Amino acid sequence: RYVFEGLLVSFIVQLWMLPLTAIYFHRVSLASVLLNLWVGVLIAFESFTAVAAAVASNFSELLATGFYAIADICNWLLLTVPSLVSDNGWASFRTPAYAENGRIIYAIYFIPIILLVFALNRWKPFDLRNNSILTSRRAIMAMFSAAILLIAVIVLHPFSAPRPDGRLHIDFLDVGQGDSIFVTFPNGQTLLVDGGGRFDYRKTDDEAEPFVPDTRGIGEAVVSEVLWAKGYSRIDHILATHADADHIEGLVDVAKNFQIGSAIFGRMPMNDPDFVELTQVLQQRGITTETIGRGEILKFGEAQVEVLYPFVSTDENALSDNNNSIVLRIVYGSRAVLLTGDIERAAETALVSSGGTLAADLVKVAHHGSRTSSMQQFIDATGAKYAVVSVGRNSPFGHPHADVVARWQAANAQVFTTGTSGMISVSTDGKDLKIAAFQQ
């Protein structure tokens with residue numbers, strides 16, 4: 001009876017919390033009804049033994065040590081069992097939230113739930129002497145069916161993702177010192193170029209104990225949140241321009257949180273720890289990988305992505321550094337956008353001298369506006385009217401460099417920075433070009 005009551009209360013709590021967990025945590029847990037009981041019992045036992053240890057420490061250190069040991073065991077069990085369940089991947093899953101007018105579904109959800117409460121209270125289902133339940137049962141079934149339907153709409157979110165509108169959308173996400181660019185093609189296909197991330201400045205001693213931050217990473221706290229807010233649970237393709245942490249680290253969280261069609265790389269350096277971590281997640285989730293190189297063209301309906309750099313390499317130890325970043329030129333109608341990764345002078349020189357077209361209406365400025373990039377010849381070859389710098393508000397590297405900004409402005413390009421303007425959104429129907437910044 002007590003177990004049943006505990007399960008029932010746990011289920012009711014999950015039912016009432018569903019819209020909030022979908023909106024704020026983007027997670028639906030299938031195992032939480034059972035795990036709530038496990039955690040509830042253990043945390044109570046752990047608390048009592050910890051208090052007993054604190055009291056006993058005033059009289060006997062040996063007795064207190066025993067109580068503390070029991071509390072430690074409880075804490076280990078408290079954390080281990082849920083992690084074993086969650087690591088399997090079936091105990092919970094991530095879900096996007098409805099945006100704007102779609103959020104009314106969360107208010108509507110509570111209507112049949114509240115009516116169901118009143119109906120059940122009138123019925124008194126656990127009163128075995130209550131025989132007049134036919135009318136209540138019909139109402140209960142109707143409200144229960146409505147609740148199940150609304151649960152399905154929230155959990156399965158069939159209407160959350162935006163419908164194709166015939167426009168090319170490119171969002172330069174504000175990920176601080178890093179890159180993350182979300183492309184939605186006119187036919188609705190999606191491509192995430194880089195996922196942001198943070199450099200680990202503490203990696204000074206290979207034998208030191210690994211540092212585990214207690215905050216969410218950029219891929220979880222920024223990139224995934226933006227994609228969920230847009231209503232997506234699936235991304236058709238993710239692409240890492242190169243293996244620097246501020247470009248690739250966030251893709252690990254994205255690969256865990258979303259259904260991914262494929263992962264695209266220019267180089268696959270299996271000696272790079274950040275890259276290895278990403279490939280392990282891709283393998284665990286059965287996500288296919290492919291390498292691309294100069295000269296290839298990726299088709300997305302009427303839009304296309306031209307791969308300008310670097311050349312294909314199948315060497316597992318090939319460099320995936322700044323000057324080997326993937327450079328993409330996205331073309332739709334008469335409009336073009338150039339994404340340059342972190343290339344520097346050497347790569348810019350190779351691109352300018354290669355004879356291919358670099359012309360673009362907008363350029364993602366290379367290497368966050370570093371003075372080692374954006375040569376005058378390269379700027380002139382693009383002829384861009386807009387330049388976007390993906391950079392932190394206070395860059396530890398002094399990005400963007402004043403000389404770089406001055407060169408772009410001297411070429412009559414309007415310069416935007418994500419550190420100042422927040423997410424920068426670009427869209428075109430192949431003829432017009434619209435640019436909007438989160439912070440004006």
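The values are calculated or read from the model by the stated rules, or taken from the named source; none is laboratory data. Please read these numbers as outputs of a predicted model, since none were measured by experiment. Using ideal geometry, Cβ is built from the backbone for each residue, glycine included, and neighbour counts are taken over all protein chains shown. Quick note on the areas: whole protein, heavy atoms, side chains included, nothing else; ligands and nucleic acids left out. Shrake-Rupley method; radii C 1.70, N 1.55, O 1.52, S 1.80 Å.
Over the Cα atoms of the range 245-365, compute the convex hull volume and normalise it per residue, giving Å³.
Residue-normalised Cα hull volume stands at 116 Å³.
Averaged per residue, what accessible area in Å² does the chain show with a 1.4 Å probe, protein chains only?
Numbers: 22920 Å² over 440 residues.
That works out to 52 Å² per residue.
How much length, in nm to one decimal, is gained on full extension between Asn187 and Ile297, taken as 0.36 nm per residue of separation minus their Cα-Cα distance?
Values: separation 110, 0.36 × 110 = 39.60 nm, distance 1.68 nm.
Here the segment from Asn187 to Ile297 would lengthen by 37.9 nm.
Between Lys385 and Gln259, take the C-beta separation as r, use R0 = 41 Å, and let me know the FRET efficiency to the nearest 0.05.
Numbers: r = 37 Å, r/R0 = 0.89.
The formula returns an efficiency of 0.65 here.
Show me the trypsin sites (Lys or Arg not before Pro) within the range 215-275 that DSSP assigns to loop and that have at most 16 other Cβ atoms within 10 Å of their Cβ.
Details: sites: Arg216, Lys230, Arg234, Lys256, Arg267; in loops: Arg216, Lys230, Arg267.
Passing sites in the range 215-275 are Arg216.
Once the Cα atoms of helix 61-87 and of the chain are each reduced to a long axis, what angle between those two axes, in degrees from 0 to 90 to the nearest 10, is obtained?
60 degrees
Take the alpha carbon atoms of the range 140-162, find their center, do the same for the range 273-352, and report the distance between the two centers in whole angstrom.
Between the Cα centre of the range 140-162 and that of the range 273-352, the gap is 40 Å.
Using every pair of alpha-carbon atoms in the range 335-440, split the distances into 10 Å bins beginning at 0 and state the percent of pairs per bin, rounded to integers.
Distribution as computed: 15, 50, 30, 5 percent.
Sequence-distant or interchain residues sharing an amide H contact under 5 Å with Phe265, placed H: which?
Under 5 Å from the amide H of Phe265: Glu290, Thr291, Ile292.
On a full-extension model of 0.36 nm per residue, what is the gain between Arg167 and Ala346, subtracting their alpha-carbon distance, rounded to one decimal in nm?
Numbers: separation 179, 0.36 × 179 = 64.44 nm, distance 3.44 nm.
Extending this stretch completely gives an extra 61.0 nm.
Restricting attention to the range 16-60, which chymotrypsin sites (Phe, Trp or Tyr not before Pro) occupy a DSSP loop and are surrounded by at most 14 other Cβ atoms within 10 Å? Walk me through the numbers before you get to the answer.
On the way: sites: Trp16, Tyr24, Phe25, Trp38, Phe45, Phe48, Phe59; in loops: Phe59.
In loop regions of the range 16-60 (DSSP not H, G, I, E or B), the sparsely surrounded chymotrypsin sites (Phe, Trp or Tyr not before Pro) are Phe59.
Who wins for biggest fluctuation among Thr340, Thr357, Thr21 in a Gaussian network model of the chain, springs between alpha carbons below 10 Å?
Checking each option, the largest mean-square fluctuation is seen for Thr357.
Provide the per-residue ³J(HN,Hα) series for the range 422-432, in order, calculated from phi with Karplus coefficients 6.51, -1.76, 1.60 and θ = phi - 60°, each as a whole number of Hz, with x at glycine and proline positions.
The phi angles translate into x, 4, 10, 10, 10, 8, 8, 9, x, 10, 7 Hz.
Order 298-310, 177-189 from most to least packed using the mean count of other Cβ atoms within 10 Å. It would help to have the intermediate numbers written out before the result.
Details: 298-310: 19.1, 177-189: 22.8.
Result, highest mean first: 177-189, 298-310.
Given the options Ser370, Ser32, Ser425, which has the most mean-square fluctuation in a GNM of the chain, springs set between C-alpha atoms less than 10 angstrom apart?
Largest GNM mean-square fluctuation: Ser32.
With a cut-off of at most 10 other beta carbons within 10 Å, and DSSP calling the residue loop, which chymotrypsin sites (Phe, Trp or Tyr not before Pro) in the range 374-440 qualify? Please list them.
Details: sites: Phe378, Tyr386, Phe397, Trp408, Phe416, Phe438; in loops: Phe397, Phe438.
Here no loop site has a sparse enough neighbourhood.
Give the angle, between 0 and 90 degrees and rounded to the nearest 10, that separates the Cα long axis of helix 134-156 from the longest principal axis of the Cα atoms of the chain.
30 degrees
In nm, what is the difference between 0.36 nm times the number of residues separating Ala107 and Ala139 and their Cα-Cα distance? Write out the running numbers ahead of the final one.
Numbers: separation 32, 0.36 × 32 = 11.52 nm, distance 2.05 nm.
My answer for the length gained is 9.5 nm.
Could you work out how far helix 32-56 tilts from the main Cα principal axis of the chain, as a 0 to 90 degree angle to the nearest 10?
80 degrees
For the chain, what is the mean residue ellipticity at 222 nm derived from helices alone (per DSSP H run of n ≥ 4: -39500 (n - 2.57); sum divided by total residues; nearest 500 deg cm²/dmol)?
Details: 12 runs with 173 residues, N = 440.
The helix contribution divided over the chain gives -13000 deg cm²/dmol.
Sorted by average packing, counted as other Cβ atoms within 10 angstrom per residue and highest first, what order do 278-289, 358-369 take? Write down the numbers at each step before the final one.
Numbers: 278-289: 14.7, 358-369: 24.2.
Ranked from most to least packed, the peptides come out as 358-369, 278-289.
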